[in-house]
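Presented below is the structure to which this report refers.
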Amino acid sequence: MNILLIGPSGSGKGTQARILIEKFDLFYFESGAYLRRMAETHPDLKKTLDSGKIVPDKEFTSYLAAYLDEQNLYDNILFDGFPRTVSQYEFFRSWLKDRHVKINLVIVLTVSEKVTIERLSARRMDPATGKIYNLITDKPPADIDPKTLVQREDDKPESIKKRLAWFRGQVEPLIELLRRETEVIDVDGEQPVDAISQDLVKLIGERINK
């Protein structure tokens, strides 16, 4: 079973993904991490990423699809952050069809803009280690002084609002397209982490055992 996990920044995708891949022995495909890995051997891609520019959809898809081909990965994958636009999905859908596989289930973690801003505004980074904490949901350990932590520019309210606007403009149309082509389930991402994971484990388990 191939699963696509979608949600805006602050929806808890990464947290839930870690739980699900362990529970169901899925391969975790997080697009940002793989692009950075591909950039190590692709100078043009590295230059694009380092400059902060957006990788064109067709190029983005080709890099990630090439990785899956190289690793012979076609099933039992949890996709996080890819595809994330209609254009990326259309390129990727052709790749999936050629390999006789598909995305079987799409999970959308829904959270309000207010909650997203509250969660992301509370994120802080330890400048010494680069580790990210959250003053609300993932507080730093007792041996770290919160005053030494810093807030990244992209975790400030105005930056968060821009990312949410991008999500509404690019990802929500993708979700509507996916609803017409496969099973899409909305899950309340404002629940406690344990409650969300219980819901996800139950619904995935039911489909695997069919």
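Can you confirm whether region 198-205 contains a residue that is small (Gly, Ala, Ser), farther than 24 Å from Arg18 by Cβ and in a helix (DSSP H, G or I)?
The first filter runs over region 198-205 and keeps only residues small (Gly, Ala, Ser), leaving 205.
The next check asks that each one be farther than 24 Å from Arg18 by Cβ; those that pass are none.
Taking every residue of region 198-205 in turn, none turns out to be small (Gly, Ala, Ser), farther than 24 Å from Arg18 by Cβ and in a helix (DSSP H, G or I).
What are the residues in region 16-43 that are surrounded by 15 or more Cβ atoms within 10 Å (Cβ to Cβ) and assigned to a helix (DSSP H, G or I), if any?
Correct list: Gln16, Ala17, Ile19, Leu20, Ile21, Phe24, Ser31, Tyr34, Leu35, Met38, Ala39.
Is one or more of the residues making up region 138-158 of a type in the set (Val, Ile, Thr) and under 30 Å from Ile208 (Cβ atoms)?
no
Six or more apart or on different chains, Cβ under 6 Å: which pairs go from a residue in region 166-183 that's surrounded by 14 or more Cβ atoms within 10 Å (Cβ to Cβ) to one that's among the basic types (Lys, Arg)? Could you list them?
From region 166-183, the pairs are Val171/Arg84.
Those residues that are assigned to a loop (DSSP other than H, G, I, E, B), surrounded by 11 or more Cβ atoms within 10 Å (Cβ to Cβ) and within 22 Å of the chain's Cα centre (by Cα), I need them from region 114-138; list them, please.
First pass over region 114-138, keeping only residues assigned to a loop (DSSP other than H, G, I, E, B): 122, 126-131, 135-137.
Filter once more, keeping what is surrounded by 11 or more Cβ atoms within 10 Å (Cβ to Cβ): 122, 126, 131, 135-137.
Result: Ala122, Lys131, Leu135, Ile136, Thr137.
Quick note: the coordinates plus some simple rules give every number you see, no bench work behind them. On a predicted model such as this, the values are computed, not experimentally measured, just so you know. Heads up, the Cβs are rebuilt from the backbone with ideal geometry, glycines too, and the neighbour counts pull from every protein chain shown.
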